[in-house]
Structures are given as C-alpha cells and as structure tokens.
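Structure first, then comments.
Rule-based calculations on the coordinates, nothing more; no lab input. What you see is a predicted model; the values in this text were computed from it and never measured.
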Amino acid sequence: MDKKALLEKEFQEAYEKATHTKLRFPPDLMLHFYAFYKRATNDSTLYNVANSDDEQLISAFKMNAIFQVKNLTPDQAKKEYIKLVETYIPE
C-alpha cells in the first residue's frame, strides 16, 4: 500500500472512531475536529443556514476555524485530524 492510500485508510478509520465515540468535547476542540475534517475533504460548505443569533455565532466560529486551516493541504489536514483522534479518543 502506498503512502497516500495508507494515509487515506488511517483518516477514514480516525473519522469512524470520532463519529462513533460517546465522548463529549469542549466547543473549541470540536472546532478543530471540524476544520481539519473540512479541509481534509476539501469541503468548506456550511450546511446550517443561520436563522437565530446563536446559529449565526456558531456559523461564524465554524467559518473562522476553516479559515485558520486554509493553508494546509488536504493531506496535512488528514494528518492533523488523525493526531486529534489519537490524542483525545482512546482505543
């Protein structure tokens, strides 16, 4: 298996682990997961259209998180996402 395929496999495994965890994290850490995932998948779309002031604030934080990782390549973002999962979601 080449390096790119191995990275993709590790990223998918990390995503599955993060998706199914019962652990809860503080909002700032969740934004890191969110931003690295979005950059890793080349997806900068926000899916929730903000209607209330709270939703607008959340959308602003999400956009800021995405903006902060915009200079990473998708592969770099995958590596960072994997590191977060390894650090915060034990086996």
Filtered hits (lysines, Cα-Cα < 19 Å from residue 62, offset >= 8 within chain) -> 38, 70, 78
If one compares the long axis through the Cα atoms of helix 74-88 with the longest principal axis of the Cα atoms of the chain, the angle in degrees, nearest 10, works out at 90 degrees
Rounded to the nearest 10 degrees, the helix 27-40 long axis (Cα) sits at an angle to the longest Cα principal axis of the chain of 60 degrees
When the chain is treated as a Gaussian network with springs between alpha carbons less than 10 Å apart, the largest mean-square fluctuation among 75, 28, 54 is found at 54
Taking Cα atoms, the helix 53-68 axis meets the longest principal axis of the chain at an angle in degrees (rounded to 10) of 40 degrees
Scaled by the rule-of-thumb 2.2 N^0.38 Å, the alpha carbon Rg for the stretch 3-88 gives a ratio of 1.11
Percent relative contact order for the chain, counting Cα pairs under 8 Å at least six residues apart, stands at 45 percent
